Structures are given as structure tokens and as C-alpha cells.
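Some notes on the structure that comes next.
What follows draws every value from the coordinates through simple rules; no lab data is involved. None of the values given here were measured: they were computed from a predicted structure. Because the Cβ atoms are built from the backbone with ideal geometry, glycine has one as well, and the counts that use them run over all protein chains shown.
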Amino acid sequence: MVCHTSTRVSRFGVFVSSSVNSDLVQAILASIGPDACAFTTVEEADYRRLSRGNRRQRIRLRLLTWIVHPCRLALSIVFARRGSLYIVTTNPFTAPVVAAALGPWFGVRVVHHVFDLYPDALEAAGILRPGGFLSRCISACLGWAHRRCAGAVYLGQALRQQTERRLGQTPHSAVIEVTADEALFGEPSPGCEGCLVVHYGGQLGTMHDAESIVAAVEALEDERDEGRVRFDFRVGGARAQVIDRLRGKPGVVVDSIMPPSAWRKHVRGAGVGLVSLLPAGARVCLPSKTYALLAASLPVIAICPRTSDLAAVVTSQGAGWVIENAVSPASVSTRDRAVVGAEIAALIRRLIALPAERDQRAEAAGQAARTVFSRAATAARWRTFLSEFA
């Protein structure tokens, strides 16, 4: 287990705080530049290992991320150089509260980086009752902390609007997307001849629409039997067990999450990427894996509401397709999974029959990674935002 504290604490004044030293944290650091360093507690490989472990290991992980990390963050702020800037992510959501409470007392400026919106994410996951006492308490604490922060960064415009409605506004704010760094990906590897490989990789948690995906796979039984389509799932998380029902079926591979470097090499053999969010989840988060798929020049089938940030990323760049799974634009209810699955299956049949359409969207995905979501573009947005604190 690695408890990561940079040796450059006394030298540099910009810190990115997250309990897990993930690819997303590293992408933020790369965008900000060499004058920033990570303040993390668990390495991503250890996080994956412990989250898949026994009950004792999972408890240990919760202690590290929910208790140890906020405590270490508090000590770091107390002893930080005055004028330091801490970019504190909602991982865990208690960390911004700790930072906002201590920062002003010790001359430290705090930016709330909203990966996921709480308590909405807990409500969407079914952990908290919407509008319940605990949910209101978390909302009040986070709202107080959010308004006390010097600034806020959001992954998407819809997430920004929802957060500001729920928690209020900060003096400075910006929408800064995740970097889609195509330099991390090699050349495409050979896929199955005459077979469309559909890939889903990463976390499949309570906010993801696993049932619609299963319905689509089952609807494509003939195409799988004939070798015209193959589904490749490398997933973990609370809903991975739903996908596990497909294990052993013809044309379906189900396995655990791969290490980032191995995944980048593996995904280049796919033809299309899958990303999903339930309507309630689409209001409060945006899967960063979407940008990695674009960086791999994979067009994306996004199963989500058309009003979501996820849909906007895909449609604004012409880099994929959106399958609507919300009953209505304002609803958090999900359409009938069989109907959604049938629509996904119909799209995949079209892509099998019309590979030129897939190729066109793949080119658009790569172009988006090289321009709109490139490291240079996101770095420029970070420079503009941080200049407000100079």
C-alpha cells in the first residue's frame, strides 16, 4: 500500500488532492504543468486490488479513502505554505468540506473539483433516500463548503448547472474536460476479420445502465453466433455482476478491469466503445473513460439521456451515437430496458452492415482527441482558470 505525498510540497504551491492516484488525477497534473503535484493516499493498482478483495480488504480500502485521506489532507493544509492552492476532488466528498473549513484559516485557497455531485450521486445509487434527513445534512455541509471555496471546476456544463442549483456558486468557476491523450495509445491492432468488436471497459457502478447493455447483447444472438459481432467486457464495480450473466455466451468475453497500460494496448483492437449512465446518474457524473475511448480513435455508443454531458461530448464532435434511456428529458426514470436494448442492437446491426459509418465516426473521435480534448487544449483552459488566482 502506498501513501503518496510528493516531496515537492515545500517547493510548489499547487496540489491536486484525491484519495486515489488515478489516471484522471495524472491527466489533471499533466494539463496544469510541472508546478503542480498530487496529494493522494492510494495508488490505483492498490485500489483495484483491494476493491476486489475480501471483506477485510474492502474495509481497509474504505478506511484509507474515507478517513485516512481527509485526515492527511487536513494536516497538509495546516502546514502548507500560505498562498498555496489545493484543487480538491470529490473523492471522497468529505475532502472538500475538510479543505474548505481549514483553508481560509491557514491562508490556503481551495478549488472544489467536482468529479461527482453529492449527495445526488448517493441518491442515484439508491444509498440515500432523495430528500431524506441524511441527504439534506450532506447537502448542507457540502453547500457550505462549496460556497466557501475560492473556485470550482466541473467536467461538464450540465454537471455545473446541477451543482450550482444544489450547492450554490463560487467566486470563480470553469468547465474543463478530461484530457483525451492519444499519445498514450499505440497503433491500432488487428481485430477480428469481418467482425465488429464492441468494447466496454472500466467501472460499471450503480449509476450505469448494465441491464440495457445485457438486453442488447441478448438481442444480437444471431449476429454473435455467426461471428459478425463480439462483445468485450473488462469491467468491475457494483453492476459487473449483471454483465457476468453473459459469461460463456457465444461472442462474449467478460473479464475484470485491466491495468491502464494493458487496457490502452488492448482497446486498440476494438471497433466501437460503449459507455452508459442511468438517467439519475447522468445528472451527477461523467465517465472519464469516454475521453480515453476518443483518444483511442474509437467511436462511442453512449447509452444515456440526450440532455446529459455524456451525450454532449459524443454528439458535439460527431464522434458516436446516443441511445436515449430516459423516459423524458426531465425524468430520472429509465425506459424499458428491452426497448433500449433493441435500439442498441439495431444500431450495431447497422454498423455491421455499413462499416463506412463507423469509420467516419472513428475519424471524428480521433480528431476530437487531437483538438478539442487534447492536452494542449485542456492545458490552455487550466491556465486561463488558474490565472484568476495569480
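Checking each residue in the stretch 62-75 for being buried (at least 20 other Cβ atoms within 10 Å of the Cβ) and in contact with a helix residue (DSSP H, G or I) (Cβ under 7 Å, 6 or more places away or on another chain) picks out 69, 70, 73.
Within the set 372, 340, the sole residue that is within 13 Å of residue 179 (Cα to Cα), touching a residue at least 40 places away in the same chain (Cβ under 8 Å) and not hydroxyl-bearing (Ser, Thr, Tyr) turns out to be 372.
So is residue 286 aliphatic (A, V, I, L, M) and touching a strand residue (DSSP E or B) at 6+ places or on another chain (Cβ under 7 Å) or not? Considered against the rule, which asks whether it is aliphatic (A, V, I, L, M) and touching a strand residue (DSSP E or B) at 6+ places or on another chain (Cβ under 7 Å), residue 286 comes out as no. Screening the candidates 158, 216, 174, 183 for the property of being part of a strand (DSSP E or B) and either touching a residue at least 60 places away in the same chain (Cβ under 8 Å) or on the phi < 0 side of the Ramachandran plot (or both) yields one hit, 174.
The C-beta contact set for the stretch 294-315 (first residue in contact (Cβ under 8 Å) with a residue 24 or more places away in the chain and closer than 16 Å to residue 155 by Cβ, second residue in a loop (DSSP other than H, G, I, E, B) and of a type in the set (Lys, Arg), distance under 8 angstrom, 6+ apart or interchain) comprises 308/283.
Which residue is surrounded by the fewest Cβ atoms within 10 Å (Cβ to Cβ), if the candidates are limited to the stretch 347-385 and must be of a type in the set (S, T, N, Q) and outside any helix (DSSP H, G or I)? Across the stretch 347-385, the extreme among qualifying residues is 371.
Inspection of the stretch 98-117 identifies at least one residue that is within 18 Å of residue 20 (Cβ to Cβ) and part of a helix (DSSP H, G or I). Number of residues in the stretch 130-142 that are surrounded by fewer than 12 Cβ atoms within 10 Å (Cβ to Cβ) and closer than 17 Å to residue 283 by Cβ equals 1.
Inside the stretch 290-306, residues that are outside any helix (DSSP H, G or I) and touching a helix residue (DSSP H, G or I) at 6+ places or on another chain (Cβ under 7 Å) make up a count of 10.
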